[in-house]
């Protein structure tokens, strides 16, 4: 899967946006173009909500693997910049409600996943 592949190779370092985040956003744009005229808005939102949840799970795993924490340090700042790029791209697609596309809605990436 593209998102898993891109995030597996992603590291929190300049430049921002990184190539993996650019690739993810480009593919999401293409997906939105493909389904927006076919699926009703509710189903499009369900699809993008599922993708966003998977993205957050995969990013959380990568942050844990890299040892990056929510401490206000330089790496945390880079992650925040990457997330801002990702969220702004999703806002342009209008695939999810605005309240699901704010930085606060991504806070759970910093928490351990409860399994």
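Kindly indicate which of 112, 15, 20 is modelled with pLDDT of 95 or more and not in a helix (DSSP H, G or I).
So the residue among 112, 15, 20 that is modelled with pLDDT of 95 or more and not in a helix (DSSP H, G or I) is 15.
What number goes with the only condition from (1) under 11 Å from the mean Cα position of the chain (by Cα); (2) surrounded by 16 or more Cβ atoms within 10 Å (Cβ to Cβ); (3) within 17 Å of residue 102 (Cα to Cα); (4) without any contact (Cβ under 8 Å) to a residue 60 or more places away in the chain that residue 53 does not pass?
Single failed check for residue 53: (2).
Of (1) touching a residue at least 40 places away in the same chain (Cβ under 8 Å); (2) assigned to a helix (DSSP H, G or I); (3) more than 9 Å from the chain's Cα centre (by Cα); (4) surrounded by fewer than 16 Cβ atoms within 10 Å (Cβ to Cβ), residue 62 satisfies all except one. Which?
(4)
Go through the stretch 86-105 and report how many residues are surrounded by 17 or more Cβ atoms within 10 Å (Cβ to Cβ), in contact (Cβ under 8 Å) with a residue 40 or more places away in the chain and either within 13 Å of the chain's Cα centre (by Cα) or not in a helix (DSSP H, G or I) (or both).
5
If you check residue 77 against the conditions, is it without any contact (Cβ under 8 Å) to a residue 12 or more places away in the chain and over 25 Å from residue 9 (Cβ atoms)?
no
The values are calculated or read from the model by the stated rules, or taken from the named source; none is laboratory data. Here the structure is a predicted model, which means the values were calculated and not measured. Every residue, glycine as well, gets a Cβ built from its backbone with ideal geometry; the counts of neighbours run over all protein chains shown.
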